[in-house]
Amino acid sequence: MSVPATDRPTSTQHTEHSVESLSSWLADRIALYLQRSPSEIAPSVPLAEYGLDSVAALSLCGDIEEDFDLVLEPTVAWDYPTIDALAGHLVEELRDVQSEAR
Amino acid sequence: MAEFGSFAELVLTRSDERGDADAFVFLSDGGRGAEPERLPYRELDRSAKDLASWLQEHGLSGRQVLLLYPSGLDFIKAFIGCLYAGAVAVPAPLPSEQGQHFRRVSSIVRDARVGAVLTLGQHSADVQAWLAAEGFSDVVTLATDRGPVGAAGAWRDPGLSRDDLAFLQYTSGSTNSPKGVMVSHGNLLANEAAIARSAQNTSDMVIGGWLPFYHDMGLIGHVLQPLWLGTVGVLMSPVSFLRRPARWLEMISDYGVHGTGGPNFAYDLCVRRVTDAQLEGIDLSTLRTLCNGAEPVRAETIRAFSERFAPHGFRPDAFFPCYGMAETTLLVTGTRKERGALLREVDASGLERGSIEGPYLGAPTRTLVSSGVANEEDFDVRVVDPNSLVERPGGQVGEIWVRGSSVASGYWERPEVNAEVFGARITGQEELGTWLRTGDLGVLEGAELFVTGRLKEMVLINGRNIYPYDVESAVRGLDPAIGAGAVFGVDSGGQEHLVVVHEVRAAALSSDLKTLATAAQRLIVREFAVPAGNVLLVRPGTIRRTTSGKIQRTLMRKLFLSGALTALHSVVEPSVTALIEGGEVTAAVEAAPSLVAVG
């Protein structure tokens with residue numbers, strides 16, 4: 001059995017990140033953990049309402065680390081409880097990392 | 001294998017034999033590039049003697065000592081230090097900010113009458129503050145990672161016997177009333193031997209994994225089994241695995257791991273989250289035993305994992321479904337090594353009536369996964385009618401009863417419960433002596449044990465055994481917006497009623513709540529042929545689980561009857577409504593707006 005849904009684009013580290021691109025990345029990942037389609041995950045609805053549990057929250061941190069090289073606390077999914085909030089937070093964190101790198 | 005008088009004696013012997021060879025390798029959260037921490041046998045022995053001398057000097061031999069550590073080598077030194085001192089180790093999860101953990105650990109300190117707490121320097125201030133706040137003024141705290149605390153030369157061999165307690169395993173009982181299984185040195189030696197026999201482990205194999213050390217599967221299977229064998233254990237933290245499941249596969253590949261394991265969900269996680277890119281260069285061909293236990297083993301999971309990872313050298317016959325519990329130290333049965341997991345398709349209605357039969361052409365079936373067989377040197381396993389206490393014949397479902405030298409003597413200071421649970425006798429075969437009642441339901445077919453559910457959670461309606469897990473799975477299949485569920489029975493004066501509680505993400509639902517409740521009722525009537533008069537749809541987060549993720553159906557039943565459950569939508573029979581304190585199910589007020597908002 002192949003699971004193409006888990007293959008990710010490899011270019012994430014070199015593109016400019018926007019709230020929109022990150023929202024769609026987050027919806028894809030979260031949909032995968034919750035075994036549903038990304039279109040069902042409304043960006044303004046708290047993720048807990050979709051049944052996001054602590055395993056999924058840790059999964060999200062791991063995938064963010066993997067794709068953006070950004071280490072976050074496992075509590076991030078509770079501190080920024082919606083896709084909108086998480087995407088906003090990620091954009092800021094990535095901007096900080098980039099300005100430090102310069 | 002020589003006979004050892006205690007597990008402490010075994011570790012002393014292994015340390016002499018192995019010297020500077022690694023006892024453990026711990027992989028940090030930093031991933032593959034980071035340098036792992038190593039603990040040679042000689043250093044483990046020296047650290048354990050140092051700590052043991054401190055414990056002996058402080059009068060803690062024979063007393064209970066709580067171990068509060070994150071996953072890591074310091075836990076292992078502290079655990080062996082307790083054994084060397086003749087103290088009784090009490091492993092527990094390090095309390096986090098979540099209030100529940102603190103409450104549970106406080107209950108353990110009280111129940112076990114703990115004399116000291118061992119932890120890391122970075123946590124000792126928090127631990128002292130918590131102990132003071134709870135009024136445990138006579139409990140000493142010691143940080144064990146800040147250099148020597150005693151004098152290894154001052155250590156005295158406590159002269160333990162196999163009957164002496166090695167540790168208390170707190171895995172069962174509720175948060176407020178935890179029960180500590182009393183595991184003796186003899187139990188520990190017997191079960192490590194049973195594991196090695198069942199999995200055919202030898203001293204040239206590498207054993208390891210990511211399971212928590214305060215849990216029986218991690219402690220007995222991944223920490224103490226390598227010591228018993230005299231080999232190396234490769235370990236990492238549960239958080240490392242959950243963040244990035246591919247790390248587990250990298251560990252297997254990098255260190256040539258032969259034996260590892262986890263609950264069923266861990267294998268689902270690997271199938272879902274490990275990417276093709278992460279699998280590049282991964283070689284799983286060294287794996288001989290992949291334990292799957294602690295929660296129901298699913299045939300689908302075994303198939304999906306085997307297919308996904310076969311191209312990377314994974315051999316499906318390495319899958320090792322097994323059965324056991326803290327009360328038996330750990331393992332009771334395991335899959336025969338000469339072949340893979342045994343799947344058995346059975347007639348669904350036969351199973352509801354309590355027998356394994358069929359499958360019959362055209363009739364609904366269920367697939368059971370065998371938990372394997374017990375070795376007769378280690379265990380005697382019987383299936384017994386839980387009411388008449390008469391042994392049931394092969395093919396008939398009953399309660400699983402176990403005896404053998406791995407079975408603990410009981411729960412710490414619970415003589416009444418122990419007489420019932422650890423001192424049961426089979427009607428008509430009293431001369432065989434006493435048995436452990438596991439509370440699990442199962443069936444023996446030949447020597448193969450199939451676990452079918454939990455005794456207390458089973459619902460008996462119209463002479464049918466309804467397994468909550470089956471009903472919950474069926475209801476979840478109705479709509480992806482349906483989450484975890486708890487199914488249980490309530491008794492209204494001699495008549496049992498099924499109550500179905502399910503979490504639902506109302507905003508994501510394709511129909512409305514009322515339609516969904518009706519669909520669930522129709523499904524249950526059709527599939528299980530029992531009335532489903534009571535359906536509660538609740539918010540995500542309402543269904544209670546244990547720390548290991550098991551649905552707490554008995555607790556959910558209690559909450560339901562006390563009127564403590566709030567439903568987004570509910571249908572309840574009048575005769576059941578009469579049983580609820582307050583006379584009705586509380587309705588959630590914001591249900592309608594959230595439904596409208598997302599449409």
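Here residue A:98 and residue B:544 are evaluated by their C-beta separation; at R0 = 51 Å the FRET efficiency comes out at 0.70. The mean count of C-beta atoms from other chains within 10 Å of the C-beta of residues in B:242-250, rounded to a whole number, is 4. Computed per residue of chain B from DSSP H runs no shorter than four, each worth -39500 (n - 2.57), the mean residue ellipticity at 222 nm is -9000 deg cm²/dmol. Taken residue by residue and averaged, Cβ atoms of other chains lying within 10 Å of the Cβ of B:505-518 number 2.
Taking neighbour Cβ counts within 10 Å as the exposure measure, how do A:100, B:496 sort from fewest upward?
On the way: A:100 7, B:496 14.
So the residues, fewest neighbours to most, are A:100, B:496.
Sorting A:63, B:163, B:145, B:29 from the fewest to the most surrounding beta carbons within 10 angstrom yields B:163, B:29, B:145, A:63. Applying 1/(1 + (r/R0)^6) with R0 = 51 Å to the Cβ-Cβ distance of residue A:19 and residue B:456, what FRET efficiency is obtained, to the nearest 0.05? Approximately 0.55, to the nearest 0.05. Relative to its Kirkwood radius, the Cα radius of gyration of the protein assembly as shown gives an Rg/Rh of 0.96.
By the compact-protein rule of thumb, 2.2 N^0.38 Å, the alpha-carbon radius of gyration of region B:459-598 corresponds to a ratio of 0.98. Each of B:104, B:14, B:526 was scored by other Cβ atoms within 10 Å of its Cβ. Listed from fewest to most, they are B:526, B:104, B:14. Seen against the Cα atoms of chain B and their longest principal axis, helix B:246-255 is set at about 40 degrees.
A dipole drawn for the protein assembly as shown from +1 and -1 charges on Cβ atoms has a positive end, and of B:58, B:540, A:47 the residue lying farthest that way is B:540.
Expected output is a single nm value to one decimal: the length gained when fully extending between residue B:473 and residue B:156, i.e. 0.36 nm times separation in residues minus the C-alpha distance. What is it? Walk me through the numbers before you get to the answer.
On the way: separation 317, 0.36 × 317 = 114.12 nm, distance 5.58 nm.
The residue B:473-residue B:156 span can extend by a further 108.5 nm.
Taking Cα atoms only, the orientation of helix B:185-199 departs from the longest principal axis of chain B by about 70 degrees.
When a/c reaches 1.5 or more, the comparison of a/b and b/c decides; with that in mind, is region B:312-375 rounded, prolate or oblate per its Cα gyration tensor? Working shown, then result.
On the way: a/c = 3.05, a/b = 1.46, b/c = 2.09.
Oblate shape, in that a/c is at least 1.5 and b/c is the bigger or equal ratio.
Dividing the mean sequence gap of close Cα pairs (under 8 Å, 6+ apart) by how many residues chain B holds gives a relative contact order of 8 percent. Comparing Cα centroids, region B:446-485 and region B:233-284 end up 30 angstrom apart.
For region B:7-243, the C-alpha radius of gyration sits at 0.96 times the compact-globule guess of 2.2 N^0.38 Å, with N the residue count. Between residue B:46 and residue B:432, the modelled label-to-label distance comes to 5.2 nm, taking each label 7 Å out from Cα in the direction of the beta carbon. Counts of other chain beta carbons within 10 angstrom of each beta carbon in peptide B:266-276 average 4. Here the simple spin-label model places points 7 Å from the Cα toward Cβ, and for residue B:317 and residue B:163 these points are separated by 4.5 nm.
Rounded to two decimals, what is the ratio between the C-alpha radius of gyration of region B:374-443 and 2.2 N^0.38 Å? Before the final figure, lay out each step's value.
Numbers: Rg = 11.8 Å, N = 70, 2.2 N^0.38 = 11.1 Å.
Rounded to two decimals, the normalised Rg is 1.07.
Across region A:18-101, the convex hull enclosing all Cα atoms gives 80 Å³ per residue.
For region B:276-385, the relative contact order is 23 percent, taking Cα pairs closer than 8 Å that sit 6 or more residues apart in sequence and dividing their mean separation by the residue count. Rounded to the nearest 10 degrees, the inclination of helix B:299-309 to the longest alpha-carbon principal axis of chain B is 60 degrees. Taking the Cα centre of region B:7-243 as reference, the dipole from Cβ charges on Lys and Arg (+1) and Asp and Glu (-1) amounts to some 400 debye. Distance from the C-alpha centroid of region B:386-407 to that of region B:519-548: 30 Å, rounded to the whole angstrom.
Restrict the search to region B:313-402; then list the trypsin sites (Lys or Arg not before Pro) that DSSP places in a loop and that have at most 10 other Cβ atoms within 10 Å of their Cβ.
Here the sparse-neighbourhood loop sites are B:339.
Simple spin-label estimate for residue A:73 and residue B:575 gives 5.3 nm between the two label positions (7 Å along the Cα-to-Cβ direction from each Cα).
Is the shape of chain B best called rounded, prolate or oblate, per the rule: a/c under 1.5 gives rounded, else a/b larger than b/c gives prolate, else oblate, with a ≥ b ≥ c the square roots of the Cα gyration tensor eigenvalues? Because a/c hits 1.5 or more and a/b exceeds b/c, chain B counts as prolate.
Here, each number is a calculation from the coordinates, and none is a lab measurement. A quick note: this is a predicted structure, and the numbers were derived from the prediction, not measured. Note: ideal-geometry Cβ built from the backbone for every residue, glycine included; neighbour counts use all protein chains shown.
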